[in-house]
Amino acid sequence: MTSLTPKDKDTVRSFWAKVSGKAEDIGMDALARMLIVYPQTKTYFAHWKDLSPGAAPVKKHGITVMNGVGFAVEKIDDLKAGLLNLSELHAFTLRVDPANFKIISHNILVVLAIMFPNEFTPQVHVSMDKFLAALALALAEKYR
């Protein structure tokens, strides 16, 4: 994985500032897409009565995911240390397969490209992809 350059970090911070007001919609759509396109991820949400796009639990967890992304943007200079508690939660309590972090990251990128076609330039795409990959790696830290 390529590390985040200072320019990448600035690009991520700037883009996040533009799109974070729509974080709820981004999260709901990204999570709904993940559950449809990658049905194996539904196993973590078997306790939800409704897994359909727009369902209350999908919306609520989408918000949780995007709040985590926003928190990661704040901790972008040291993601491993900044996301240590989230890594421990996902590894030891929730027992989420870390491959799923890459899956949700991909879905977030897709939604960002759809919702913000003018702002999602190739440079933003590269920087956000690197950032989300670094975020996924930081979340997987406690699995080692």
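Annotations for the structure displayed:
- Length released on extending from MET115 to LYS42, taking residue separation times 0.36 nm less the Cα-Cα span: 23.8 nm
- Residue-normalised accessible area of the chain, expressed per residue, 1.4 Å probe, Å²: 55 Å²
- Cα centre as origin, Lys/Arg/Asp/Glu Cβ charges: the range 1-111 dipole, Debye: 160 debye
- Directionally averaged shadow of the chain, computed from the convex hull of its alpha-carbon atoms, nm²: 8.1 nm²
- Full-stretch length increase - GLN123, SER14 - with 0.36 nm per residue and alpha-carbon distance subtracted: 38.0 nm
- The packing ranking of peptides 49-56, 73-80, highest mean first, is 73-80, 49-56, where packing means the average number of other beta carbon atoms within 10 angstrom of each residue.
- Of all accessible heavy-atom area on the chain, the percent that carbon and sulfur account for (1.4 Å): 56 percent
The values are calculated or read from the model by the stated rules, or taken from the named source; none is laboratory data. These numbers come from a predicted model, not from an experiment. Cβ: placed from backbone, ideal geometry, glycine included. Neighbour counts: every protein chain shown. Just the protein is used for accessible areas: all its heavy atoms, side chains included, with ligands, DNA and RNA removed. Shrake-Rupley method; radii C 1.70, N 1.55, O 1.52, S 1.80 Å.
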